[in-house]
Structure formats: structure tokens, C-alpha cells
């Protein structure tokens, strides 16, 4: 092939665009995601462990509370309390909580019998739980989550320094059989790769309520969730988007600080969950939306132009070599990041999962406006 004649080839300008989006993707991999993939985590040295309040909101979570709460109540930490907000449950949640309270005096129960609708979704009970907490350090998780170790509180707290007000943690899904489980585990990893890497790059934009910590004074400083109280979701990501900064936010990457829960058994339930999350993302700060949007758009355009150029008969060695360059970069970054986040079994099929996830999420975005929202259970 005569490379000197390439400018005269049909559709060469499409290859230029294709090359540009490949370069953008490489920037995200080697400029941003590398921070998580090759990060050598060093927890802060804690001279005196601060008292901690673990806050959990539960609604009809009898089985999950029965299974998971002992793993939180038996944490190896000097002084901590566990505040469980039982929000208008009509199962035996209150019964199991009172039984636990007999054995664990550090368990505090906040029972809400009527939904006052001050906030949409989870925000009202969570606000009550935080205000009921005795200690400055708040650590959040969900009733269906289980800490990876008895050192969960300690490793999350060890990320705090004198300047820190927010600590972002990782929460994944247990491995089970089925394509739905595989896609959800990959999505949890891919989401964490983005929010943890960007936080380490000085641009924290979200956290997940299944494993998140911040100071109670920070919550009061911004009047809690008042700025986005009308939205059903956002008790975790929108709050962090509002309060987190380069200087006050750190990430906990110690595997002992992770939490895990079961993925949605019904794939439709996961789709509904993603609809809520993606709708919430529309309320992020403009710069955050630009950075995330550029990543998502360039990811889509890589596949789009790859297929178009091959169909149009553009010299395949150039098209494929650019795609392979991105693929190798992706596998290197994914491989190291997956080891840190304990999802390494997905590496070999990650390019396929990326394509499936991309199609599903773009479908959700395009159809979101036509779907009626459901309230938090």
C-alpha cells in the first residue's frame, strides 16, 4: 500500500476523526485511569482513632439485616455505633433489630412509622439517621451490603487526614452465575474506575452510598440534601458532587475496606436502577458532565467509526492497528485496576462487556424520558 496516496483515499477524513477519538480514549486511560490502576495505596497514620457512626437505611430488609448486620456490629474498631433507620417497614425488620439490640448496646434504632415525604426516596430517612448519629465521622452502607472484613471501619477511617472531609470507598457485587451478574459486576467496576480515578486526579464527582464516609459537620454545612431534595435519588452522588473537592476528598483502596452485595437477580430491576442513576447525573456540575460525556461519547465513536471505516473499505491495517492500540491500553489499565478491585476474572471478556454495557446505557439514556419513575422501596 502506498501511504503517500492516503490523503486521496475516500473517507480519509473519517479516519482522522476515528484517530482523534482513539487519542481521547488513550488520554483517559493513561492520563486518568492509570491513577487507580497503578496507585500504591498508603493509609494515613492515625494516632487516635475517632469515634464513628455507621448509618444504614432499611425498608423491608428483614432478611438482609439478619444476614449482614452482624458483620457490621462485630467490626474490630475501638468506639463506634451503628444507627439503623427502619423506614416504614411492614415486615419483621423492627423485630430483628430489637433482638440485635439486646446483644449489641452500640446498635441504635430509629423507627419511622409514617413516610412524611419531606424528601423523595431515601433522603428523608438518611437525613434522620445522620442527625441521630452521635459522632462526627459518618460511614454509610446499605442493609444488603456486607463488609469485606472486620477491618472495614478501620480501613475506611484510615484514609482520613486533617484536611479530609470525604472518603470514597468501593462496593462490588458477589459473583454468581448468569450474564446479568457478569454485566452488573463489570458496570460496578467500570463506574468505580471512573469516579475513583477522577477523584485521585483532583476531580471527585460522586460516591456510592453502599460504601461512603463524610463528616457530619460537612452535612450540616451545606444543609444536607436540601439543594436536590426534589429528586428521588442523589443522596450519595449528588451530595458528593456538591461538597467534594480536590483537597477534602480521598479514596480508600485497601481491599479490607470494600463492601459487597448481591447483584439484581432481575435484569430489568438493574435497568430501572441505572435509569435513576443516569437521570441524577444530569444534575452534576457542568465540568463533570463534560468530562464524563466526552469519555462516553469518544468510547461510542471508537466502535462506530471502526465499523463504518471497515464497511466503507478503508485500508483495514490502519483501522485495526488503531483499535488494537486502544485495546492493549485498555487491557493493561483494566488488568491492574481489576486486581485492586477484586474483579480480575472479567478481564479477558472485558472488551465484549464494554460493548454490551455501552449499548445498554445508551439505550437507557435514549429511552429515559418515556419511562415513569418508581419510588425508593
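Hey, among 227, 252, 247, 257, which residue is under 18 Å from residue 165 (Cβ atoms) and at pLDDT below 90?
227
To keep it simple, each residue is scored yes or no on (1) surrounded by fewer than 20 Cβ atoms within 10 Å (Cβ to Cβ); (2) more than 14 Å from the chain's Cα centre (by Cα); (3) over 23 Å from residue 355 (Cβ atoms).
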| site | (1), (2), (3) |
| --- | --- |
| 192 | no, no, no |
| 197 | no, no, no |
| 203 | yes, yes, yes |
| 206 | no, no, yes |
| 215 | no, yes, yes |
| 219 | no, yes, yes |
| 227 | yes, yes, yes |
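What are the residues in the stretch 290-325 that are in contact with a helix residue (DSSP H, G or I) (Cβ under 7 Å, 6 or more places away or on another chain) and without any contact (Cβ under 8 Å) to a residue 40 or more places away in the chain, if any?
310, 316
Would you please name the residue that is nearest to residue 208 (Cα to Cα), looking only at residues in the stretch 158-190 that are out of contact with any helix residue (DSSP H, G or I) (no Cβ under 9 Å at 6 or more places or on another chain) and assigned to a helix (DSSP H, G or I)?
So the residue we want is 188.
Hey, could you check the stretch 45-72 for residues that are touching a strand residue (DSSP E or B) at 6+ places or on another chain (Cβ under 8 Å) and surrounded by fewer than 19 Cβ atoms within 10 Å (Cβ to Cβ) and say which is farthest from residue 109 (Cα to Cα)?
Only one residue fits best here, namely 50.
Is it true that residue 33 is surrounded by 14 or more Cβ atoms within 10 Å (Cβ to Cβ) and assigned by TED's automatic domain parsing to the domain that holds residue 339?
yes
Yes/no per residue for (1) assigned by TED's automatic domain parsing to the domain that holds residue 167; (2) assigned to a helix (DSSP H, G or I); (3) closer than 14 Å to residue 188 by Cα:
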{"residue": "268", "(1), (2), (3)": "yes, yes, no"}
{"residue": "300", "(1), (2), (3)": "no, yes, no"}
{"residue": "319", "(1), (2), (3)": "no, yes, no"}
{"residue": "328", "(1), (2), (3)": "no, yes, no"}
{"residue": "361", "(1), (2), (3)": "no, yes, yes"}
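Yes or no, residue by residue, for (1) within 19 Å of residue 170 (Cβ to Cβ); (2) out of contact with any strand residue (DSSP E or B) (no Cβ under 9 Å at 6 or more places or on another chain); (3) crowded, with 18+ Cβ neighbours inside 10 Å:
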site	(1), (2), (3)
257	yes, no, yes
272	no, yes, no
314	no, yes, yes
327	no, yes, no
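Can you pull out every residue in the stretch 195-215 that is part of a helix (DSSP H, G or I) and either assigned by TED's automatic domain parsing to the domain that holds residue 357 or farther than 23 Å from residue 146 by Cα (or both)? Steps first, answer last, please.
Just the residues of the stretch 195-215 that are part of a helix (DSSP H, G or I), to begin with: 195-200.
Once the filter is applied, which keeps residues that are part of a helix (DSSP H, G or I) and either assigned by TED's automatic domain parsing to the domain that holds residue 357 or farther than 23 Å from residue 146 by Cα (or both), the stretch 195-215 yields 197, 198, 199, 200.
The values are calculated or read from the model by the stated rules, or taken from the named source; none is laboratory data. Please read these numbers as outputs of a predicted model, since none were measured by experiment. Every residue, glycine among them, receives a Cβ derived from its backbone with ideal geometry; neighbour counts consider all protein chains shown.
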